[in-house]
1. What is the angle, in °, between the Cα long axis of helix 161-174 and the longest principal axis of the Cα atoms in the chain? Nearest 10 is fine, range 0 to 90.
2. Hey, what angle do you get for helix 28-41 against the long axis of the chain, alpha-carbon based, 0 to 90 degrees rounded to 10?
3. Rounded to the nearest 10 degrees, what's the angle between the helix 281-316 long axis and the longest principal axis of the chain, both from Cα atoms, 0 to 90?
4. State to the nearest 20 debye the size of the charge dipole of the chain about its Cα centre, where the only charges are +1 on K and R beta carbons and -1 on D and E beta carbons.
5. First measure r as the distance between the Cβ atoms of E16 and M273, then evaluate 1/(1 + (r/R0)^6) with R0 = 51 Å and state the FRET efficiency to the nearest 0.05.
6. Just the Kirkwood number for segment 183-248, please: inverse of mean 1/r across all distinct Cα pairs, in Å, one decimal.
7. For K293, which aspartates and glutamates qualify as cross-link partners when the Cα separation must be under 17 Å and same-chain residues fewer than eight apart are set aside?
8. Taking θ as phi - 60°, what are the ³J(HN,Hα) couplings along segment 205-218 by the Karplus curve (6.51, -1.76, 1.60), each to the nearest whole Hz, with x for Gly and Pro?
Amino acid sequence: MAARYGALCRAHLRLEYLRANATTHDFLFGAIAELIDNARDAGATRLDIFTVDNDQLQGGFMLCFLDDGCGMNPREATHLIYFGKSSKRQSASKLIGCYGNGLKSGSMRLGKDFILLTKQEDTMTCVLFSQTFCEREGLDEVIVPIPSWSVSTRKPVLHDAAMFAVQMSIIFKYSPFTSEDELMQQFDAIYGKSGTLIIIYNLKLMLNGEPELDIKTHSADMLIAGLPDNLPEKWSLRAYTAVLYFDPRMKIFIQAKKVETRYLPYCFYRPRMYPYFTFCFKAIAQNEIEKAKKDLKLAEQAVKEAKCQLKHLEESFLHEDNEPAHLALQDALENAKRTREKLEAKQR
Ligand SMILES: Nc1ncnc2c1ncn2[C@@H]1O[C@H](COP(=O)(O)OP(=O)(O)OP(=O)(O)O)[C@@H](O)[C@H]1O
Ligand SMILES: [Mg+2]
């Protein structure tokens, strides 16, 4: 059977491997994270995760990832289908990916098929990675149509017209898009100068026939269907993506609503502010003692003055009412006592 598609790209692996590889993601959001990581590695500033209803497809909707990252040229798009091949490994920068596996294992965990559309400079490239195609055509090796177009002319980048026609016929039959116009509309959704749109369809179902992702309960979230766990990060994609990165750089939108990312270090401990005036605590303490000594001197001076005043009044016999002078003396004495106590406390 595979001979019919002789000139098409092959991922150099068997269908069983594709299925087995998908089981590496037990946790559904872990599979989704592979696609989010790739958008981040592509330098995207924005990633939209959204669904499009389609009753014709298993699960009833398509799961889409649209980013404004660097996109891929036709050569890079061809490389992505190979397992274990990653250009990121040579890169000196701190990218997440390195195994050349995440896109395939993650997307195949979520659904049976995906179509990837990517734009870079003057090229638009489409990759159809479809288990359904391989199964229905009886292929035991994974064959992948990868046609390309020029952005400016919208004409196919042709090396072989017959091969292009075969690729398109497979895409129209096994993708949700049945004409070149429809496919071009998907490229138009890539709003940035470059970027990538990945559409996963024929989603995996649970035993009850329902899709694993519940998109109905919350219009702005995607939940893991079934019993909710205590931790929202385990069942709400919005909560999960809010804490996915230690240093979030990319805005993530789920069903068109922005995820409010939480700064991860603040989730672990409560930040506290300590007023910090000087490095020299000893000098500060010394200054405070000097000031307290001066205050005490002034207070003792005030006591002396109050005593003198009272004495003067008592001697003059002019006033019988010496009460205000008594009160002033009492105040001065109390103030001196307090100031002395303060000084003693600081000296301790
Ligand atoms: N959204 C994207 N934008 C641009 N390039 C992408 C995107 N997604 C995937 N790619 C390209 O496809 C290649 C394969 O992706 P894949 O996730 O399988 O492997 P990886 O990211 O290199 O390594 P890992 O298995 O550790 O994730 C990437 O190296 C990258 O070049
Ligand atoms: Mg990756």
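1. Long axis of 161-174 versus the principal axis of the chain: about 70 degrees.
2. In the chain, helix 28-41 runs at an angle near 80 degrees to the longest axis.
3. Taking the Cα atoms of the chain, the angle to 281-316 is about 30 degrees.
4. Numbers: 45 positive and 45 negative charges, 237 e Å.
The dipole magnitude comes to about 1140 debye.
5. Numbers: r = 59 Å, r/R0 = 1.15.
E(calc), rounded to 0.05, equals 0.30.
6. Values: mean 1/r = 0.0690 Å⁻¹.
Kirkwood radius, segment 183-248: 14.5 Å.
7. Cα-Cα hits under 17 Å: E334, E341, E344.
8. For segment 205-218, the Karplus-derived couplings read 10, 7, 4, 7, x, 8, x, 5, 8, 9, 9, 8, 4, 10 Hz, x marking Gly and Pro.
Any read-out appearing in this document is the output of simple, stated calculations on the displayed coordinates, not a laboratory observation. Nothing here was measured: the structure is a model prediction, and the numbers come from that model. Note that we place each Cβ from the backbone using ideal geometry, even for glycine, and neighbour counts take in every protein chain shown.
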